[in-house]
Amino acid sequence: MAMDRAQLILLGLPIFLFCSDLFNLFTPPPPKPPTHQAPPPHVPHHHHQRPAGFTPETLDFPFSQKKQSGLGGAVGYGNTVEINFCVSCSFKGTAVTMKKMLETEFPGLDVVLANYPAPAPKRLLAKVVPVAQMGVIGMIVAGDRVFPMIGITQPPAWFNSLRANRFGSMASTWLLGNFLQSYLQSSGAFEVLCNGELVFSKLKEGRFPGEIEMRDLISKKLTRT
């Protein structure tokens, strides 16, 4: 009875984790909340009567202080930059850093982050991996009962090898399956588009862009449009 309970627990845990992975895989991401810029508050102007003979004085600030902060000035308003990156490759930190830099350098620029999916064949294989995981783990747990049901009286040698180290075999199967699933879901992409036009592609260049390089690429694209 204790062995049956242990087998049920070992079989039920991977099934629960597999269902959780499927739920997270097919659950669509939450919609991005619309951003509405509130109009500036109306400040009433009070007209004060100036005394006769009053000459207004102007303070001459350096040009660098008058200039609006950021290289883009007001060029960023009405423009969009898309950074499509591989989420499963842990590129999110780099994408967030680029987003903050561009929003600082080009005030008003809308920077959108999105996942760049892997090719369709790799995504299909990634969905098959969890099924294979569950099949192997189920075979390790209850294979001695399954083989007689399908007419095999003598289990194969590989099954006996797996059953010899049951817990190690299940752990290895789970870790190997997760590694394969992560590899098949990765695209290795970090693609940057400005107003729908590709300005940098990691898939073509084989590297990440530098912050200064990205700032110059976006600046040239915005000033050209």
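The values are calculated or read from the model by the stated rules, or taken from the named source; none is laboratory data. Here the structure is a predicted model, which means the values were calculated and not measured. Methodologically, a virtual Cβ is constructed for each residue, glycine included, from the backbone with ideal geometry; neighbour enumeration extends over all protein chains shown. Remember, those area values only see protein heavy atoms, side chains included, never the ligands or the DNA or RNA. Shrake-Rupley method; radii C 1.70, N 1.55, O 1.52, S 1.80 Å.
Brief remarks on what is shown
- Spacing of the two label points (7 Å from each Cα toward its C-beta) at Lys127 and Asn165, in nm: 3.5 nm
- Hz values of 3J(HN,Hα) by residue in segment 214-223 - Karplus curve (6.51, -1.76, 1.60), Gly and Pro given as x: 5, 4, 5, 5, 5, 4, 5, 5, 6, 6
- Beyond 29 Å in Cα-Cα separation lie the following of the pairs Lys127/Lys202; Lys122/Lys220; Lys92/Lys220; Lys92/Lys127; Lys122/Lys204; Lys100/Lys127: Lys122/Lys220; Lys100/Lys127.
- Scattering from segment 80-225 was approximated by placing one identical point on each alpha carbon and applying the Debye formula without solvent; log10 I(q)/I(0) at 0.09, 0.10, 0.18 1/Å stands at -0.47, -0.53, -0.99.
- Annotation: peptides 182-194, 87-99, ranked by per-residue average of other Cβ atoms within 10 Å with the highest first, follow the order 182-194, 87-99.
- Nonpolar atom fraction for segment 118-225, defined as the carbon and sulfur part of the 1.4 Å probe accessible area, stands at 64 percent.
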